[in-house]
Amino acid sequence: MSHLRVLGDPASDAIRVEGVDRGPSNITLPRDAAFVPSPSFPTFTPSPNPSIMENPWSTLVDDPCDDPWADEENSQQKGSPEGKSVILPLPEFFTDDPLATALSLAAQEHFPALGVLLERHSTNLFPHRFKILESIPEHASPSDYRQFLPAYDPSRESEQRWSSSLEQAGIESLPSRERIPGAVETPLSSSALLQWYRDQIDRIISRTGMVDTALVLTQHGASSGLSGLDEIGEDLSLLSRLVYDTPRPPTEDDDHTLSGWSKMSPPEVIRSYLSHSTPATIVKNIQRLVIPYLFVLESRAERSGNPDPSLRNRLLYEYIVNAPLEITAPIFEASKPILPTVERLIKDDEDLARIALALLYGSDSRDEWATMSRIFECMPAWDPGYVADASEKDEADTTIVSLGAFVAPSTTQPRATASDLLLFFQPLHASSLSRALDVLDVHLESGEIFLRWNVPARLRWFLQSVNDGNEQRSWAKRMARRAGGSSDEPDSPEEYEWLLEDMIKLSNTGESGLRSAFGLIPKDEVISIFLSGLLNSGSECVCSPDNRMELSPGHLPQSSKSLKPFSMHRTVKSR
């Protein structure tokens, strides 16, 4: 048997410690002496009364007041309030193999008892330390068994070997009879130890989803100086925000692991953080989830010797230009130029204009004009007293023409994405951006008119058709014929007059020299297109003898002769 036996001699005041199957040892202790093991384990002091001796294994009993030498039946009473269950019956402790006992105690989370066993059999159980740790349930807090976790020894650059105060005193235990495959006889190297911690972290997260428990395990390993665990700890802290702080529907259950997190690109992480955000929560979620993550990425880039000052803005802007319009509107409202710089999500005015232009002209939406107008109202208005010279105006106009060609579909690029447009706007400065915002103002008004008459178009259509008269005529005919549907056709002459006013307005040129959607179509031709569509509609409203419309050029509605281009007002930033 691989255990020690304590014998009392009635004829003398001494206690003999005998190793079973190996004969008596030479260790003799006076009865009034105290046996003091290592500080991490309980102290055993024999009673001065020879007829009463305390049980040295009393730490194995839940209640120290219980008598461990009582009958097994009494000691295992479960229904009686006077009786407590014994962790490990003494006969089993004497007969079972130490390794089997250690695995059982680990599985039952009896860590004080396991500590006593490992203290007395450290040499024989050290090769099986990882099997013992694997027997501990994954949900158990590593703080409860931190003394058993492998520690790093910087002086040897490898795992620290267990030490036992009993072995240092010359007391040896018999080898274990049971051997389990996978025993690791020698301490692990630093790289192998780091991999063990990685595997254990993934095991805890994949089986329980308890990222906080895995983080405690990482902190213990990092406290011993093991290189590489600090970055893993950062990843787990960020992953814990995704698991515990990210809003998600109650029915959704995402399975996250450390290895899966490591494979995610930064844009994927940002989308995961914000995937369930609403217009009411998006700004707060960016501030408490995304911004800290971006700071960590910047810090890592600096530590690696490759600083990237633009990384944070680049990743944030990339998310915004690809997000739904209703989600981005609160972001722009939280970035208005009138707000203090420290409170703005997008702090640079020129970046604010570039992102808005890329987002809106890259959008496929045909009916979110109110949301687009909300975004436009957040745009900066540069110094009103500044007047661009002729060269700057020419450069701005050339930029708009180039933009129209850029968004036009081709065989090599069927569609320019918002990310592509952001790259296009990146070199532009304040004068060109201001001109582009003026163009956007005109296009938003035209888009609202198209939607009103049920012929909606994407915002980039206005760029694509800016120099295409045939495309403008085609859309004017659709508008006149109400090609979008007949369910809501005008039902009075006044509504037809309103339609004509809007078509004429779309053919006007504003004070800034910017043409509207039908800017290449003469006014007379617009009226002709309107009349053609009116006659082809066969509307009862038009055919009724009671409804008459004066449509000659000299009798057009007075409002159409004094039309003024509509202009929304951008936010003027005080300087």
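D308 fails exactly one of the following numbered conditions: (1) within 13 Å of the chain's Cα centre (by Cα); (2) free of Cβ contacts under 8 Å to residues at least 24 places away in the same chain. What is the number of that condition?
All conditions are met except number (1).
Considering only residues that are surrounded by fewer than 18 Cβ atoms within 10 Å (Cβ to Cβ) and not charged (D, E, K, R), which ones fall in the stretch 340-364?
P340, T341, V342
For a quick check of your reading: which helices (runs of 4 or more DSSP H) sit entirely within the stretch 230-316 and have at least 2 residues that are at pLDDT below 90?
Correct list: 258-263.
Among the candidates R314, R271, R303, R288, which residue alone is surrounded by fewer than 17 Cβ atoms within 10 Å (Cβ to Cβ), under 19 Å from L423 (Cα atoms) and out of contact with any Leu (no Cβ under 6 Å at 6 or more places or on another chain)? Spell out how you get there, then give the answer.
Numbers: R271 fails: under 19 Å from L423 (Cα atoms); R303 fails: under 19 Å from L423 (Cα atoms); R288 fails: under 19 Å from L423 (Cα atoms).
None of the others qualify; the one that does is R314.
Conditions tested, residue by residue: (1) within 30 Å of D502 (Cα to Cα); (2) modelled with pLDDT of 75 or more; (3) crowded, with 18+ Cβ neighbours inside 10 Å; (4) of a type outside the set (V, I, T).
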| position | (1), (2), (3), (4) |
| --- | --- |
| C378 | yes, yes, yes, yes |
| Y386 | no, no, no, yes |
| D389 | no, no, no, yes |
| A396 | yes, no, yes, yes |
| D420 | no, yes, no, yes |
| H429 | no, yes, no, yes |
| V439 | yes, yes, yes, no |
| H443 | yes, yes, yes, yes |
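Could you list, in sequence order, the residues of the stretch 130-145 that are surrounded by fewer than 20 Cβ atoms within 10 Å (Cβ to Cβ) and touching a residue at least 24 places away in the same chain (Cβ under 8 Å)? Even if it seems obvious, please write down each step before you answer.
We begin by selecting, within the stretch 130-145, every residue surrounded by fewer than 20 Cβ atoms within 10 Å (Cβ to Cβ); these are 130-131, 133-135, 137-141, 143-145.
Residues satisfying the conditions are F130, K131, L133, S135, P137, E138, H139, A140, S141, S143, D144, Y145.
Tell me the residue from G404, G469, G484 that is modelled with pLDDT under 85 and not assigned by TED's automatic domain parsing to the domain that holds S363, please.
G484
Let's see how each residue does on (1) free of Cβ contacts under 8 Å to residues at least 60 places away in the same chain; (2) closer than 15 Å to M372 by Cα; (3) in a helix (DSSP H, G or I); (4) in contact with a His (Cβ under 7 Å, 6 or more places away or on another chain):
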position: L423; (1), (2), (3), (4): yes, no, yes, no
position: P427; (1), (2), (3), (4): yes, no, no, no
position: L437; (1), (2), (3), (4): no, yes, yes, no
position: F450; (1), (2), (3), (4): no, yes, yes, no
position: N454; (1), (2), (3), (4): yes, no, no, no
position: L463; (1), (2), (3), (4): no, no, yes, no
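Hey, does the stretch 522-531 have a residue that's at pLDDT below 85, more than 25 Å from V439 (Cβ to Cβ) and of a type in the set (S, T, N, Q)?
No, the stretch 522-531 has no match at all.
Output the residues belonging to the stretch 351-384 that are closer than 21 Å to S419 by Cα and part of a loop (DSSP other than H, G, I, E, B).
Passing the criteria: G362, S363, D364, S365, R366, E368, C378, M379.
The values are calculated or read from the model by the stated rules, or taken from the named source; none is laboratory data. Keep in mind that what you see is a predicted model, and the values were worked out from it rather than measured. With ideal geometry, Cβ positions are generated from the backbone for all residues, glycine too; neighbour counts draw on all protein chains shown.
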